[in-house]
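The values are calculated or read from the model by the stated rules, or taken from the named source; none is laboratory data. Here the structure is a predicted model, which is why all the values come from computation and not from measurement. Neighbour counts are summed over all protein chains in view; Cβ atoms, including those assigned to glycine, are modelled from backbone coordinates with ideal geometry. Protein only, heavy atoms only, side chains kept; ligands, DNA and RNA dropped before computing areas. Shrake-Rupley method; radii C 1.70, N 1.55, O 1.52, S 1.80 Å.
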Amino acid sequence: MDLQVKDLPEALALDARSAWEHILERAGEPLASRLHHALADSPAADQLPRVLACSPFVADLCRRQPGLLLALLQGDALQRSLPETDFRTELQRRLGAADAELGVVLRRYRQWHMLRIVWRDFCRLADTRETVRDTSLLAEACIVEALAHCQAALEQRFGVPRGKHSRQAQQLIVLAMGKLGARELNVSSDIDLIFAYPEAGEADSASRPLGNEAFFTRVGQALITALDQATAEGFVFRVDMRLRPYGESGALVHNFAALEEYYQDQGRDWERYALIKARPVTGDPDRAAELMAALRPFVYRRYVDFGVIESLRGMKQMITSEVRRRGLQDNVKLGHGGIREIEFIAQCFQLIRGGRDLGLQQRELLLVLEECARLGCLPEQAVAELVSAYLFLRDSEHAIQGYLDKQTQALPTGDLARLAMATVMGFSSWELYLATLAEHRRLVAG
């Protein structure tokens, strides 16, 4: 069966056909025949050329692993939304196989989902919110299951870590920060994390006692390696730990008391800003809730916090200076009128008024903007413009990143990459896309 290419510019149609030929050549028989059969009378037959042409990342992944493409075509995961519970249960099933190797399983699971997520996003089978939700759920599943394996392995050597006074078993609590905390992760993002554990103490091995800080430092290091290390199978997620207390020079893990003391005595306004989206994704729910309750007074003051305005003004000046210094105007996240400015607008209101107006104590940006309209912080028309711009800019970000699975928000410079991006975004030319982008950014900057 030849690849039936519809509604694609000729240059992209040629790319799609070439990619398909390479996939079939690599597959060989009988896999090639099974691919043909899976596409027959399937909506995927019309979608495949668009994805192959607009994402060399997907084309290369399918060429290297035609069996992965076949597995997705034979199921229905490309054509429907997945319930939240599927992400962890399927990963648990794969890790439960007799020959399962954690690093390999995690990386292949990421490949399976990234092919699915980019496919659904580029074919507009999923809206922006589903794309960021699914990418976030994938990251959460990988964190939770990798952590369980890493801690279990260390407990076999050193025993179960326990609190010094309570003697309760301790679990590492991973705080997802930034976009992962809000379940707004983009398709090729790193993940910002902070590691915490409830209380000091030591593991209960009689022969090899190990303090809780040392134990959980080893757990954290093992978790980072499981997710971040590049192997022949690729990586799972790049892990960024720089938001923790004292940054790169600080300890990798902190107990609750140490975290609370740090933020109370030394916490800065940018750290309040960073903690707005913080969300526990592992650990005992009651202890995680205890941690968040302890951090909340640092993030949200009890009153309308006009005192933070000068700090926010300084942050905004730093953002503007960075855009000029680094020449970031063609960056849909960091440039003038970009994603970061929309986030800044919403989070300013959260820091100033979130202590009194509890509806602002939310993580998801779109919900915060809706609350700003309800409270009268922003005119409804302004909120509608910000929401529209945010969705357009996030879709643009995914079109950029899904092209080569690279963590960048810079607009492409090559003619073919520009044509692919315009096509994904629903425009017949790059110039038409740029005109719409410029109007959104103008409104955001205003």
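Worth a mention:
- Criterion (part of a helix (DSSP H, G or I), farther than 15 Å from residue 445 by Cα, of a type outside the set (S, T, N, Q) and at pLDDT 95 or above) met by exactly one of 373, 384: 373
- Set 443, 393: member being in contact with a helix residue (DSSP H, G or I) (Cβ under 6 Å, 6 or more places away or on another chain), among the aliphatic types (A, V, I, L, M) and over 20 Å from residue 127 (Cβ atoms): 443
- Filtered residues of the stretch 191-203 (kept if modelled with pLDDT under 95 and either open to solvent by less than 10 Å² (accessible area, probe 1.4 Å) or in contact with an Asp or Glu (Cβ under 6 Å, 6 or more places away or on another chain) (or both)): 203
- Helices (runs of 4 or more DSSP H) fully within the stretch 204-282 counting 2 or more residues that are among the hydrophobic types (A, V, I, L, M, F, W, C), open to solvent by 30 Å² or more (accessible area, probe 1.4 Å) and closer than 20 Å to residue 171 by Cα: 212-228, 256-266
- Matching residues in the stretch 309-319 - criterion: being out of contact with any Phe, Trp or Tyr (no Cβ under 9 Å at 6 or more places or on another chain) and touching a residue at least 12 places away in the same chain (Cβ under 8 Å): 309
- If you go through the stretch 51-108 and pick out every residue that is of a type outside the set (A, V, I, L, M) and in contact with a Cys (Cβ under 6 Å, 6 or more places away or on another chain), you end up with 0.
- Cβ pairs under 7 Å, 6+ apart, first in the stretch 406-432 and under 26 Å from residue 323 (Cα atoms) and of a type in the set (Lys, Arg), second in a helix (DSSP H, G or I) and modelled with pLDDT of 95 or more: 418/430
- Scope the stretch 118-159; condition open to solvent by less than 20 Å² (accessible area, probe 1.4 Å), over 30 Å from residue 214 (Cβ atoms) and not in a helix (DSSP H, G or I); matching residues: 126
- Of all residues making up the stretch 401-417, the number that are part of a helix (DSSP H, G or I) and polar (S, T, N, Q): 1
- A search for C-beta distances below 9 Å between a residue of the stretch 1-18 that is farther than 16 Å from residue 422 by Cα and any residue that is small (Gly, Ala, Ser) and loosely packed, with under 14 Cβ neighbours inside 10 Å, counting only pairs 6+ apart in sequence or on different chains, returns 1/40.
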